[in-house]
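Data block below; observations after.
The values are calculated or read from the model by the stated rules, or taken from the named source; none is laboratory data. Everything numeric here is computed off the predicted structure, so don't read it as measured data. Backbone-built Cβ (ideal geometry, glycine too); neighbour counts: all protein chains shown. The area values use the complete protein model at the heavy-atom level, side chains included, leaving out ligands, DNA and RNA. Shrake-Rupley method; radii C 1.70, N 1.55, O 1.52, S 1.80 Å.
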Amino acid sequence: SPAVSSELEQLRSAINYHNHRYHSLDAPEISDAEYDRLMQRLKNLEAEHPELITPDSPTQRVGSAPLSAFVTVVHEMPMLSLDNAFSDEDLLAFNKRIQDRLKSKEDIEFACEVKLDGIAVSLIYRDGILVRGATRGDGTNGEDITQNVRTIASIPLRLLGKGYPQTLEVRGEIYMPKAGFEKFNAKAFAAGEKLFINPRNAAAGSLRQLDSRLTAARPLEMCAYSVGLVEGGELPDRHTDILKSLQGWGFLINRELDAANNIQECLEYYRRIHEKRSALAYDIDGIVFKVNSRKLQDELGFISRAPRWAVAYKFPAQEEMTL
Ligand SMILES: Cc1ccc2cc(C(N)=O)cc(O)c2n1
């Protein structure tokens, strides 16, 4: 009946909204008990009307029957790796190369992002609905892990708000926060099961599960860091503004995101984050600096395998983990 359909729609959009408030903005507006009541009401209503269950319903995050294998998919826009910088001189040279290429002495504005130590993923949305999740693979061919990514709360099954392009590919990093990693390993140790050596391997192992119900039980998060394929819509020119748009559409954006007016401010950002690295809730292995304009990025293009407009400035390796 129309009354049931409209209550289902209202429940789904309310739960999606509060899910975003909690998982992506870390700013819930309702109590966990109220959230659970909404979810329980939705589950009961869907149990009474199973024919009205939709794939983007918040109840459809629990994982489904195991796959026999992962299907290989092609990235229409290759997911490239980043060129590395290992010193201030490398970073200054990166800036100089860009100025030379743009035949300009002007300061370049950069977007500054922590480089999360996780697994890169590509998510494709059509008319706001998540239709595919895939690993980076070799940059051109990845594995279809749609069933697994659907179980991650910070990945929207349906985009929030409006104004998003008809086809939108969002790229980001799936990672396991340090606290979730410690808790997971403590449980595994108590059960005499295999331990993961670090959060990155724990995230990788969790995404390789053919049974997405196991993935659903792992404390994974996803942070968006760029867009790939975009059709039927316009995006802002500045990279930092694109990420803010993604936040409005339901994605988690790392709270350390900042813009630097020149390469000196990039060096200050690098030192500031390096100092607080051990206090962060997740592992990072450097900073990603990107020219903060898509127009300039297009002008600069890519070196054979990596973009000319981005560099990852890595931190010195941390002392080895001792379990
Ligand atoms: C273009 C590109 C490629 C890989 C990236 C990887 C990360 C990361 N590991 O956080 C962040 C970024 O902004 C990236 N950006």
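In table form, for the structure just shown:
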item	result
Residue check, residue 263 farther than 19 Å from residue 101 by Cβ and either within 13 Å of the ligand (Cβ to nearest atom) or surrounded by 12 or more Cβ atoms within 10 Å (Cβ to Cβ) (or both)	no
Segment 6-47: number of residues that are surrounded by fewer than 17 Cβ atoms within 10 Å (Cβ to Cβ), among the basic types (Lys, Arg) and modelled with pLDDT of 95 or more	3
Per-region count, segment 58-92, residues within 30 Å of residue 268 (Cβ to Cβ) and either within 16 Å of the ligand (Cβ to nearest atom) or exposed (fewer than 14 other Cβ atoms within 10 Å of the Cβ) (or both)	11
Residues (part of a loop (DSSP other than H, G, I, E, B) and within 15 Å of the ligand (Cβ to nearest atom)) located in segment 210-232	220
Candidates 126, 150 - the one that is touching a helix residue (DSSP H, G or I) at 6+ places or on another chain (Cβ under 7 Å) and farther than 13 Å from residue 203 by Cβ	150
Meets criteria (under 23 Å from residue 130 (Cβ atoms), at pLDDT 95 or above and either touching a helix residue (DSSP H, G or I) at 6+ places or on another chain (Cβ under 8 Å) or open to solvent by 60 Å² or more (accessible area, probe 1.4 Å) (or both)) for residue 168	no
Condition broken by residue 185, with the remaining ones in (1) more than 24 Å from residue 75 (Cβ to Cβ); (2) among the polar types (S, T, N, Q); (3) within 16 Å of the ligand (Cβ to nearest atom); (4) out of contact with any Asp or Glu (no Cβ under 8 Å at 6 or more places or on another chain) satisfied	(3)
Pair list, Cβ < 8 Å and 6+ apart or interchain, from segment 261-287 residues that are farther than 21 Å from residue 93 by Cα to residues that are of a type in the set (Gly, Ala, Ser) and part of a helix (DSSP H, G or I)	281/179
Identity of the residue in segment 116-142, out of contact with any Gly (no Cβ under 6 Å at 6 or more places or on another chain) and charged (D, E, K, R), that ends up surrounded by the fewest Cβ atoms within 10 Å (Cβ to Cβ)	138
Among (1) open to solvent by 70 Å² or more (accessible area, probe 1.4 Å); (2) within 16 Å of the ligand (Cβ to nearest atom); (3) at pLDDT 95 or above; (4) among the hydroxyl-bearing types (Ser, Thr, Tyr), the one test that residue 293 misses	(1)
Segment 209-243, residues that are modelled with pLDDT of 95 or more, open to solvent by 40 Å² or more (accessible area, probe 1.4 Å) and of a type in the set (A, V, I, L, M)	230
Any hit, segment 233-245, residues being of a type in the set (A, V, I, L, M, F, W, C) and either within 23 Å of residue 272 (Cα to Cα) or away from the ligand (no atom under 16 Å from the Cβ) (or both)	yes
Where a residue in segment 201-218 is without any contact (Cβ under 8 Å) to a residue 24 or more places away in the chain and its partner, wherever it lies, is assigned to a loop (DSSP other than H, G, I, E, B), with Cβ under 7 Å and at least six apart	205/196
Residues (more than 15 Å from residue 220 (Cβ to Cβ) and of a type in the set (A, V, I, L, M)) located in segment 132-156	134
Among (1) within 12 Å of the chain's Cα centre (by Cα); (2) charged (D, E, K, R); (3) away from the ligand (no atom under 16 Å from the Cβ) - the single one residue 117 does not satisfy	(3)
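Condition check ((1) within 16 Å of the ligand (Cβ to nearest atom); (2) part of a loop (DSSP other than H, G, I, E, B)) across all residues:
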site	(1), (2)
111	yes, no
121	yes, no
130	no, no
152	yes, yes
160	no, yes
